[in-house]
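Asks: The structure's right below; bear with me while I get my questions together.
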Amino acid sequence: MPQPLRSPALALALLALALPACKFVDTAELAARRQAAAAPTASASGTALYGAKVVPYILEKAAPYGAIRDAVKAGLPTAGEEFGYREVKEGEPFNFLARVTGTIVSADTKSRAATALVDTDGDGTGDVTIQLGPVIKGTSLRDALPFVTFTSYANQIEFADVAKAFNNQAFDTALKDLPRDALAGQSVEAVGAFTLKSAGDKVLLTPVSVKLGAGA
């Protein structure tokens, strides 16, 4: 029975043939990969930031909605400079932090993007729409914060993930357990953010805090 070849030369030849299929990675690249894998995702960092910094900042900085409303009537650029924020100073909409008080005139709670329409000036007509979720639209919470900037993230996808994390946290902490029945006629106080591209835009508030009923 023939014996298998065990020549050292043959072994070296076979090794040489196998080497092109191998990829050698230097230690610096491996370390970078391990560091990237260990780093928190943008979504996770947004979730952590929300309770620690986002909510306290909004509750502290929110202005009475009536003051913002009156300023916008006089001119959005002036109102934006006084009450609003935008990361890019030209051509972008203004984002406002507001404390809204009033009476709910109607509510759509059947939709997953549920909302409540609030009369803030006592004329019987709703002038602010409060998002109730679970689907929260827009990026107002993120865009109203001067300490959350696009340049802090690797790309647009990460920046979008932070906005989603904020919206998800707003629902989980302020909206998920909110009563959904018989909202019309109840008094409400909500604190949150909204965005205006023009003075005529409808106000869609993304809240971080909502109180219903007497003393709201």
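We did not get these values from a lab; they are worked out from the coordinates using the rules stated. Small disclaimer: the values here were computed from a predicted structure and weren't measured. Quick reminder, even Gly has a Cβ in these numbers, built from the backbone with ideal geometry, and neighbours come from all protein chains shown.
Asks: Residue-wise, which Karplus ³J(HN,Hα) couplings in Hz belong to segment 177-189, taking 6.51 cos²θ - 1.76 cosθ + 1.60, θ = phi - 60°, and x for glycine or proline?
Replies: Here the 3J(HN,Hα) series is 9, 6, x, 10, 9, 6, 6, 4, x, 7, 7, 8, 10 Hz.
Asks: Only loop residues by DSSP count here, and only those with at most 11 other Cβ atoms within 10 Å; note down the chymotrypsin sites (Phe, Trp or Tyr not before Pro) in segment 122-216 that meet that. Mind dumping the intermediate values first?
Replies: On the way: sites: Phe147, Phe150, Tyr153, Phe159, Phe166, Phe171, Phe194; in loops: Phe147, Tyr153.
Hits after loop and neighbour filter: Phe147.
Asks: When N counts the residues of segment 159-207, how does its alpha-carbon radius of gyration compare numerically with 2.2 N^0.38 Å, as a ratio?
Replies: Details: Rg = 13.4 Å, N = 49, 2.2 N^0.38 = 9.7 Å.
Normalised by 2.2 N^0.38 Å, the Cα Rg of segment 159-207 equals 1.38.
Asks: Okay, next question. Hull surface divided by four, with the convex hull built on the Cα atoms of segment 106-216: how many nm²? Please list the in-between numbers first.
Replies: Numbers: hull surface 31.5 nm².
Mean projected area for segment 106-216: 7.9 nm², to one decimal.
Asks: Report ³J(HN,Hα) in whole Hz for each residue of segment 84-97, in order, from the Karplus equation J = 6.51 cos²θ - 1.76 cosθ + 1.60 where θ = phi - 60°; Gly and Pro get x.
Replies: x, 8, 8, 5, 9, 6, 10, x, 9, x, 8, 10, 10, 9
Asks: Within segment 147-216, list the trypsin sites (Lys or Arg not before Pro) lying in a DSSP loop whose Cβ has at most 14 other Cβ atoms in a 10 Å radius.
Replies: Values: sites: Lys164, Lys176, Arg180, Lys197, Lys202, Lys211; in loops: Lys176, Arg180, Lys197, Lys202.
Answer in residue order: Lys176, Arg180, Lys197, Lys202.
Asks: Say the cut-off is 28 Å between C-alpha atoms; which of Lys73/Lys164; Lys110/Lys202; Lys73/Lys137; Lys53/Lys137; Lys53/Lys197; Lys53/Lys211 go over it?
Replies: Values: Lys73/Lys164 31 Å; Lys110/Lys202 21 Å; Lys73/Lys137 25 Å; Lys53/Lys137 21 Å; Lys53/Lys197 26 Å; Lys53/Lys211 21 Å.
From the list (Lys73/Lys164; Lys110/Lys202; Lys73/Lys137; Lys53/Lys137; Lys53/Lys197; Lys53/Lys211), the Cα-Cα distance tops 28 Å for Lys73/Lys164.
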